[in-house]
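Have a look at the structure below before the remarks.
The values are calculated or read from the model by the stated rules, or taken from the named source; none is laboratory data. All of these numbers come straight from a predicted model, not from anything done at the bench. So basically every Cβ, Gly included, is an ideal-geometry build from the backbone, and we count neighbours across all protein chains shown.
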Amino acid sequence: MLKTSLFAALPLLLLSACGSTGDAPPAPDPVDERLAAVAWFVGTWRMPQEGGFVEETWLPPSGTSMLGVGATVKGGQTVAFEYLRIEARPEGLVYVAQPGGRSPGTEFTAELLSESEARFINPQHDFPTWIAYRRTGPDSCVATVGDEDDRFELAYRRKGGDR
């Protein structure tokens with residue numbers, strides 16, 4: 001009888017050791033609501049180019065930031081990389097680029113935010129003075145980097161199934 005009672009009680013003992021069955025699931029991480037304006041960046045975006053590709057990967061917003069990384073690959077070799085982040089600060093959203101991992105990064109303040117476009121500016125920076133992303137479809141966007149005199153575009157496609 002004791003053996004049967006012990007086996008019947010085992011699931012209850014295991015549950016009590018792991019926590020109460022009445023506990024609510026853990027709350028989701030708090031995310032600054034202003035990051036919703038750029039949440040469409042999430043995923044991996046790639047632009048093929050001769051002998052390789054340029055790629056950006058953005059993680060979902062968490063807390064007061066959204067983290068990204070960019071890489072340029074040619075001939076199977078990573079020839080450039082940068083760390084990226086968008087931070088929700090009291091003054092608004094700030095895009096921080098760290099080419100080659102350079103610290104401190106260069107900061108660009110949000111000038112325009114919509115469901116399909118984000119533009120960040122830093123008029124004091126030599127080049128670029130602005131960085132813009134424009135959503136051109138559910139799986140495509142164009143990143144434009146430039147200043148008054150020069151600019152270049154990266155026509156990205158979302159990489160396989162990322163959303």
Counting only residues that are within 25 Å of residue 134 (Cβ to Cβ) and assigned to a strand (DSSP E or B), region 57-112 contains a total of 37
Here is a check on your reading of the model: is residue 75 loosely packed, with under 15 Cβ neighbours inside 10 Å, on the phi > 0 side of the Ramachandran plot and within 19 Å of the chain's Cα centre (by Cα)? no
I need a count of the residues in region 125-158 that are outside any strand (DSSP E or B) and either among the β-branched types (Val, Ile, Thr) or more than 18 Å from residue 87 (Cβ to Cβ) (or both). 10
Condition met for residue 93 (in contact with a helix residue (DSSP H, G or I) (Cβ under 8 Å, 6 or more places away or on another chain) and under 14 Å from residue 37 (Cα atoms)): yes
Within region 136-158, which residues are surrounded by fewer than 17 Cβ atoms within 10 Å (Cβ to Cβ) and among the charged types (D, E, K, R)? 139, 147, 148, 149, 150, 151, 153, 157
Can you confirm whether region 99-107 contains a residue that is surrounded by 14 or more Cβ atoms within 10 Å (Cβ to Cβ), more than 28 Å from residue 30 (Cα to Cα) and without any contact (Cβ under 8 Å) to a residue 60 or more places away in the chain? no
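Have a look at 55, 87, 82 and point out the one that is touching a Gly at 6+ places or on another chain (Cβ under 6 Å), modelled with pLDDT of 95 or more and charged (D, E, K, R).
Values: 55 fails: touching a Gly at 6+ places or on another chain (Cβ under 6 Å); 87 fails: touching a Gly at 6+ places or on another chain (Cβ under 6 Å).
Residue meeting the stated conditions: 82.
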Pairing a residue in region 125-146 that is more than 16 Å from residue 47 (Cβ to Cβ) with any residue that is hydroxyl-bearing (Ser, Thr, Tyr), where Cβ atoms lie under 7 Å and the two sit 6 or more apart in sequence or on different chains, gives 125/106
